[in-house]
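Worksheet: the structure to be examined is printed underneath.
The values are calculated or read from the model by the stated rules, or taken from the named source; none is laboratory data. None of the values given here were measured: they were computed from a predicted structure. Don't worry about glycine lacking a Cβ; one is built from the backbone with ideal geometry, like all the others, and counts go over all protein chains shown. Remember, those area values only see protein heavy atoms, side chains included, never the ligands or the DNA or RNA. Shrake-Rupley method; radii C 1.70, N 1.55, O 1.52, S 1.80 Å.
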Amino acid sequence: KLAGLKTVKVRDVDMYEAPGTSIYVSKDHIYRLEETNNFEIRSDDIWVITYPKCGTTWTQEIVWLVCNNADTETANAVELDTRFPFFEYPFINRRPTIRKMPSPRLIKTHLALPVLPYQIVEKKPKIIYTMRNPKDTCVSMYHFIKMLTPFNYKGNFEEFAKEFFMGVTVGHGSFWDHHRDYWRLKDEMNILILKYEDLITDLAKEVKKIAAFLDKELTEEQVQTIVEHCTFKTMKNNSASNQSHMQNIGFTRAGMGDFMRKGKIGDWKNYFTPELNNMVDQLNKKYLEPEGLTFDYE
Ligand code: A3P
């Protein structure tokens with residue numbers, strides 16, 4: 001299946017360009033995407049889709065609470081990954097578990113639009129897509145990739161950022177294509193687009209937006225409960241939602257920082273050189289601004 005695809009070497013690993021998608025994938029990843037294609041979708045599924053490091057975990061926790069009457073007791077007791085499984089989970093195939101889950105299923109994925117299961121188009125499950133500005137996403141990803149055992153990344157931020165913005169560093173392809181493709185669906189009834197920066201600015205407003213999209217009625221008190229449960233500090237201290245399980249399965253390394261790292265807008269200013277900043281501004285102008293997609297950076 002890989003024959004004929006354009007290949008690029010990334011740190012001695014052969015990456016393949018999936019035709020027409022600008023998605024670069026490793027051998028392993030193509031295999032998993034193939035397996036994904038015919039996965040059975042239910043129309044009452046709720047999918048949280050993101051490019052990695054754009055606020056996936058945060059969105060999942062909010063969506064779970066919105067769907068479960070702000071039940072913080074269970075949210076503190078049961079790991080988020082069990083309540084809200086990751087479709088293309090590293091190491092373990094989660095499809096068998098997800099197939100058996102009762103409806104409505106809550107599913108997380110980072111898959112780019114062209115490689116979602118085919119049935120998404122006809123079954124139209126609800127999709128919540130959270131975006132984040134490219135500069136903070138890159139910084140967050142740099143720290144995360146250094147934690148990841150399979151990557152064993154030793155490069156500095158400057159080197160990482162160049163690869164990241166070319167779309168070859170992570171298995172989920174280019175930041176630009178991922179964001180642009182979902183953004184183009186913004187007027188579809190079954191998709192809600194959120195921005196990390198808006199969650200930071202007014203979480204209560206975004207919780208209400210999510211509830212309205214999912215046809216859930218929440219009292220003002222429930223909204224406040226969700227807001228308090230989903231602050232950075234509370235989630236960082238909650239072992240059921242701070243992704244600490246990743247270390248237990250060997251996906252992340254101890255002593256390389258926390259998954260819940262800073263949770264802020266604007267950390268990029270501590271890392272970006274003027275040249276890099278200029279490069280990203282140009283890429284933004286090329287890929288996202290013509291689509292009407294802009295972000296807050298402060
Ligand atoms: P930083 O590395 O910038 O701190 P994902 O879940 O998609 O991997 O995203 C992880 C990023 O979201 C991390 O960003 C993490 O700190 C941030 N995050 C997670 N929960 C958050 C919360 N409750 N409030 C603010 N940021 C949060």
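Side notes on the structure shown:
- For region 84-130, the candidate set comprises residues that are of a type in the set (A, V, I, L, M) and in a loop (DSSP other than H, G, I, E, B); within that set, the residue that is surrounded by the most Cβ atoms within 10 Å (Cβ to Cβ) is Ala112.
- Number of the condition not met by Lys208 [criteria: (1) away from the ligand (no atom under 11 Å from the Cβ); (2) open to solvent by less than 70 Å² (accessible area, probe 1.4 Å)]: (2)
- When Asn133, Asn76, Asn68 are checked against the criterion of being within 16 Å of the ligand (Cβ to nearest atom) and surrounded by fewer than 18 Cβ atoms within 10 Å (Cβ to Cβ), Asn76 stands alone in meeting it.
- The helices (runs of 4 or more DSSP H) found wholly in region 212-297 and carrying at least 3 residues that are open to solvent by less than 30 Å² (accessible area, probe 1.4 Å) occupy 220-229, 274-287.
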